[in-house]
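**Student:** Can you keep this structure in mind? I'll have questions shortly.
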Amino acid sequence: MSAGPILVEPLAEEETLSLGERAYRRLRDGIVQGTLRPGSRISERSMAHALGISAQPVREALRRLEQDGMVVTLPRRGTVVAEIGPERLAELGRIRAALEGVAAALAAERMSGEDLAELAQIVRGMRGATAAADTEALAELNERFHAILQGATGNLFLVKSLEALRAYDDLGRLRALGSTPKDMPKALREHASILAALKARDPALAEARMRHHVLRSLTTNGVLATSRQGR
């Protein structure tokens with residue numbers, strides 16, 4: 001069976017990440033964006049040629065993608081892009097909500113004053129972006145908010161686990177019904193309430209509010225049918 005054309009761009013020489021990491025991100029993005037479709041075969045040699053690198057980094061990237069569940073190795077077919085249906089996206093969304101909640105609880109205990117000040121600045125930026133209905137700015141600020149919070153946990157395993165789920169989050173977002181401008185104030189209030197719990201150094205409250213926020217956003221986007229309520 002032919003692997004078909006490889007629809008990815010060559011890697012840029014100036015990129016500073018390792019070849020394996022760069023190949024992993026490029027292939028992951030191809031799966032999320034749909035250029036590497038479910039069921040399509042990925043040949044190490046063809047992919048290495050398309051990316052302009054040797055086969056070893058591609059092999060490393062494919063091992064990571066298999067660990068993430070984004071590709072599978074099948075008898076007589078080799079490595080193929082996994083079928084990721086709505087049920088699995090919903091399941092992984094619930095896992096992410098739980099892990100994000102744990103991250104918020106740990107951050108409430110460990111976050112520095114500098115990190116709290118940076119989160120407060122981000123929430124102020126969200127307020128302005130919400131008023132302007134600037135979805136691009138909101139997406140960037142949201143990513144920074146969660147990245148700072150997760151980094152403050154000091155737990156590398158937790159951070160790596162959430163990083164592995166990020167591609168599924170992006171995939172779910174692309175397939176989602178999509179949020180509307182009326183949902184932006186909800187997200188702003190939720191981030192502000194999470195920040196308040198972090199400032200209060202209340203792990204249980206921070207965890208509940210973060211779980212509610214993630215589940216509510218997944219419900220709004222159509223990834224989950226229902227959402228549990230937080231405090």
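**Student:** Looking only at the stretch 27-54, which residues are open to solvent by 30 Å² or more (accessible area, probe 1.4 Å) and closer than 12 Å to T79 by Cβ?
**Tutor:** S40, R41, E44, R45, S46
**Student:** Mind counting the residues in the stretch 71-87 that are free of Cβ contacts under 8 Å to residues at least 40 places away in the same chain and part of a strand (DSSP E or B)?
**Tutor:** 5
**Student:** Okay, next question. Consider D134 carefully, then state whether it is at pLDDT 90 or above and charged (D, E, K, R).
**Tutor:** Criteria met by D134.
**Student:** Same structure, new question: For the stretch 40-71, which residues satisfy the criterion of being touching a strand residue (DSSP E or B) at 6+ places or on another chain (Cβ under 6 Å) and of a type outside the set (S, T, N, Q)?
**Tutor:** Answer for the stretch 40-71, where residues must be touching a strand residue (DSSP E or B) at 6+ places or on another chain (Cβ under 6 Å) and of a type outside the set (S, T, N, Q): R41, I42, L62, L65, V71.
**Student:** Here's a follow-up. Confirm whether R96 is basic (K, R) and without any contact (Cβ under 8 Å) to a residue 24 or more places away in the chain.
**Tutor:** Criteria not met by R96.
The values are calculated or read from the model by the stated rules, or taken from the named source; none is laboratory data. Being a predicted model, the structure only gives us computed values, none of them experimental. Cβ sites come from the backbone with ideal geometry, for glycine too, and all protein chains shown count toward neighbours. Note: areas computed on protein heavy atoms with side chains; ligands, DNA, RNA excluded. Shrake-Rupley method; radii C 1.70, N 1.55, O 1.52, S 1.80 Å.
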